[in-house]
Amino acid sequence: MPASHSSTWSGVIQQYAEFLPVTSATPIITLLEGNTPLIRVPSFVEAIGGQFELYLKYEGLNPTCSFKDRGMTLAVSKAKERGSEIVVCASTGNTSAAAAAYAARAKMRCVVLLPHGKIALGKLAQALMYGATTIAVEGNFDQALNIVRELGETGKIEVVNSINPFRIEGQKTAAFEICDALGDAPDFHFLPVGNAGNITAYWKGYREYQNAGKSDTLPRMCGWQAAGAAPLVDGHPIEHPNTVATAIRIGNPASWQGAMDAVKQSEGLIDKVTDEEILKAYTLLARTEGIFVEPACAAPLAGLIKAVQRQLIPEGSLVAATMTGHGLKDPDTAIKTAGFEPIVVQPDRDAVMRVIGL
Ligand code: F0G
């Protein structure tokens, strides 16, 4: 059955319960996440000289404006079911926004550890507004995650990073939605890779759907890292990861093995793109299609440009790419990258006409 696009959508747990570890005893904490648009983007493909069909899974339209809501609805529901009162996560910003929102919804306390000064402004605003105890760690994401792992070992607090398997379970529903919308899996699936939970989740989802007879084929999983934070591509942890795409500024991904298995088993690839390539693709998508994503999402778009140059995608292929977060998450990078500023004029018709060139 195709996913319902009617007003009866009740969130990913209700929609895909048969594929998820829930029972009638699980309290469902939902903000009606999922059911996000799968948008065909022919002008972008034309602009990069491709000859394939590209669909973007626009996850920025989730309740907290990123794909993290899919995993968080399940992780927080299961934490609630177990009677936990506090959830904690380390985050580059999106996981913390989702954890804070779902914890508020569940009447639980939320504690988030963020790399100090390296969080996009929208994401910081979310953690604060949803009322999470917000801790800025003078270190990077990997160091914050190590602390969170230790907090989890006390047994007093539920870790909702993707080392919590319920996160991966929830996130795999995006693969189901893509198959439901397209009628089968795409030939290729491109996505950004940071802590590597999402590529692991998609691959799990595609395989489970095929096993259940809901789809026939499997995609090649193509993961893209930022060149300054590309441990999976370089083959070793990066001590000081750096990139403009702060969402994926991660040097030692928790789901390292899951990502490498997905790439190997699907005969896909894992590769990297520079910040310059990321920002170029980021702007190109906004200007050719009217779709504004956060910089991390542009890593797979820049990857597509590379794939076209290397002739990796046969003519007529069906390609899906996940746009993991909304562009408004990171207004600073957008304003710096746009390349121009507002033109200030007097409140006068002729002055406006002059600017327009009429
Ligand atoms: N894109 C965005 C917008 C993200 O926020 C993240 C991860 C990724 C891609 C990479 O996904 O980690 O599953 O490989 N953000 C995490 C966070 C780390 O804390 O919000 P991944």
- Name the single residue, out of those in region 237-274 being more than 15 Å from the ligand (Cβ to nearest atom) and of a type in the set (Asp, Glu), that is nearest to residue 117 (Cα to Cα). 239
- Query: Restricting to strands (runs of 3 or more DSSP E) lying wholly in region 34-101: which have 2 or more residues that are closer than 16 Å to residue 166 by Cα?
  - Reply: 86-90
- Can you find a residue in region 14-21 that is under 19 Å from residue 204 (Cα atoms), part of a loop (DSSP other than H, G, I, E, B) and of a type in the set (Phe, Trp, Tyr)? yes
- Message: For residue 169, only one of the following conditions fails: (1) assigned to a helix (DSSP H, G or I); (2) in contact (Cβ under 8 Å) with a residue 12 or more places away in the chain; (3) away from the ligand (no atom under 16 Å from the Cβ). What is its number?
- Response: (3)
- Message: Step by step: first the residues of region 128-147, then only those that are within 21 Å of the chain's Cα centre (by Cα) and touching a residue at least 40 places away in the same chain (Cβ under 8 Å), then the one that is nearest to the ligand (Cβ to nearest atom). Which residue is that?
- Response: 141
- Reported set for region 33-62 where residues are closer than 12 Å to residue 293 by Cβ and over 14 Å from the mean Cα position of the chain (by Cα) is 39, 41, 44
- From the option list 259, 307, 281, 296, single residue qualifying as more than 22 Å from residue 242 (Cβ to Cβ) and among the small types (Gly, Ala, Ser) is 307
- Message: When you scan region 39-50, do you find a residue that is surrounded by fewer than 16 Cβ atoms within 10 Å (Cβ to Cβ) and closer than 30 Å to residue 147 by Cα, even just one?
- Response: no
- Query: Which of the residues that make up region 86-110 are away from the ligand (no atom under 12 Å from the Cβ) and crowded, with 24+ Cβ neighbours inside 10 Å?
  - Reply: 87, 88, 101, 102, 103, 110
- Message: Taking the conditions exactly as written (outside any helix (DSSP H, G or I), modelled with pLDDT of 95 or more and within 16 Å of the ligand (Cβ to nearest atom)), does residue 322 satisfy them or not?
- Response: yes
- Query: Any idea which of 202, 206 is within 12 Å of the ligand (Cβ to nearest atom) and assigned to a helix (DSSP H, G or I)?
  - Reply: 202
- Considering each of 336, 272 in turn, give the residue that is buried (at least 21 other Cβ atoms within 10 Å of the Cβ) and basic (Lys, Arg). 272
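The values are calculated or read from the model by the stated rules, or taken from the named source; none is laboratory data. Note that this is a predicted model, so its numbers are computed, not measured. Note that each Cβ is placed from the backbone with ideal geometry, even for glycine, and that neighbours are counted across all protein chains shown.
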